[in-house]
1. Looking at ILE60, ILE103, which one is of a type outside the set (Lys, Arg), over 17 Å from the mean Cα position of the chain (by Cα) and buried (at least 24 other Cβ atoms within 10 Å of the Cβ)?
2. Taking the stretch 129-175 as the search range and keeping residues that are surrounded by fewer than 18 Cβ atoms within 10 Å (Cβ to Cβ) and of a type in the set (Lys, Arg), which one is modelled with the highest pLDDT?
3. So is ILE66 at pLDDT below 90 and under 30 Å from ALA166 (Cα atoms) or not?
4. Return the pair list, or none, for Cβ contacts closer than 7 Å from residues in the stretch 72-93 that are over 30 Å from CYS120 (Cβ atoms) to residues that are part of a loop (DSSP other than H, G, I, E, B) and modelled with pLDDT under 85, at least 6 apart or on different chains.
5. When only residues in the stretch 182-225 that are part of a loop (DSSP other than H, G, I, E, B) and among the hydrophobic types (A, V, I, L, M, F, W, C) count, which is nearest to ILE270 (Cα to Cα)?
6. Any idea which of LEU210, LEU232, LEU262, LEU256 is modelled with pLDDT under 90 and of a type in the set (A, V, I, L, M, F, W, C)?
7. Out of the residues in the stretch 216-252 that are small (Gly, Ala, Ser) and within 19 Å of the chain's Cα centre (by Cα), which is nearest to GLY71 (Cα to Cα)?
8. Can you list residue pairs whose Cβ atoms sit under 8 Å apart, with the first residue in the stretch 237-265 being without any contact (Cβ under 8 Å) to a residue 12 or more places away in the chain and the second being surrounded by 15 or more Cβ atoms within 10 Å (Cβ to Cβ) and outside any helix (DSSP H, G or I)? Count only pairs 6 or more apart in sequence or on different chains.
Amino acid sequence: MQRPPRPRRFRFAARQRPRFQGQSFNRLIPNIMTLLGLCAGLMAMRFALEDRWEPAAGLIILAGAIDGLDGRLARLLKATSRFGAEFDSLADFLSFGVAPAMILYLWTMHDYRGLGFVPCVMFAVCMSLRLARFNATLDAGPVPLTGPAPKPAYAQSFFTGVPAPAGALLGMFPIFASLAFSGWGWDGLAAAVRHPLFVGCVLIGTALMLVSTLPTWSFKNFKVRREYILPLLLSVGAYAALLVSEPWAALAAAGLIYVSMLPFSLRSYIRLKREAEEMIEPVAPTPAVSEPPAA
């Protein structure tokens, strides 16, 4: 007896999930942070045009905090790229070069008209030169054909010149101090630090430090001795309390603390350079072997 044919079983193919061409969202987070820093600098200039100095100064500090995070996030997420480096430099130029110069010009330097505009332009130009020099070091390989030579091992923990966020902090010192003195009722001191002559000297001095070859700590591989850990933690806690209660005074004090650290940074660089040079043993030249006279 012939068996009836079995019914065919239809198997449905698994649905293929479409794959889109592009980058992971995690790799875009550093660029998004850089974009937020750029927007903070633009908003600071808008508030300066409206004579709202406190939010304008606060947005510059916010841009500095974002700048300190985007690079570390890029390295943590392995999302470093040439585009991100160039975009970060352009955002830094606007947020730390153009925006502080414009804020200070509208705040007090416009009283001297053309003469007051010169320090602001010098500050912005030196900021662009400092960032261009930093970008040039990114192209320096093990044996660069053009551009600056790579840094030796002892110089890896140092910047060449004052970095861009620190330069913006130093350039904005007069407005931080003036807002702090005004809050305390010290109108005389507030007017003194707001004088265009004082602000111009601060801008020119900061501009020269930006393009200088002064070695400054980068704090990337900075090690703290055991006996200094507890005082450092207590100092950070005290500064955090001051930042919450008197933010403008704390920001002005941060600028003074940074300037006071520059001589110690230079001394540390000289000491490490001397130790590295002492480890290099001089190689005695080999005497030339004279050929025997021909017979």
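The values are calculated or read from the model by the stated rules, or taken from the named source; none is laboratory data. Predicted, not measured: the structure shown is a model, and the values here were computed from it. All Cβ positions, even for glycine, are placed from backbone atoms using ideal geometry, and neighbour counts span all protein chains on display.
1. The conditions single out ILE103.
2. ARG133
3. Considered against the rule, which asks whether it is at pLDDT below 90 and under 30 Å from ALA166 (Cα atoms), ILE66 comes out as no.
4. That search, which allows pairs on different chains as well, returns ALA74/THR80.
5. Only one residue fits best here, namely LEU214.
6. Result of the check over LEU210, LEU232, LEU262, LEU256: LEU232.
7. Going through the qualifying residues, I end up with SER218.
8. none
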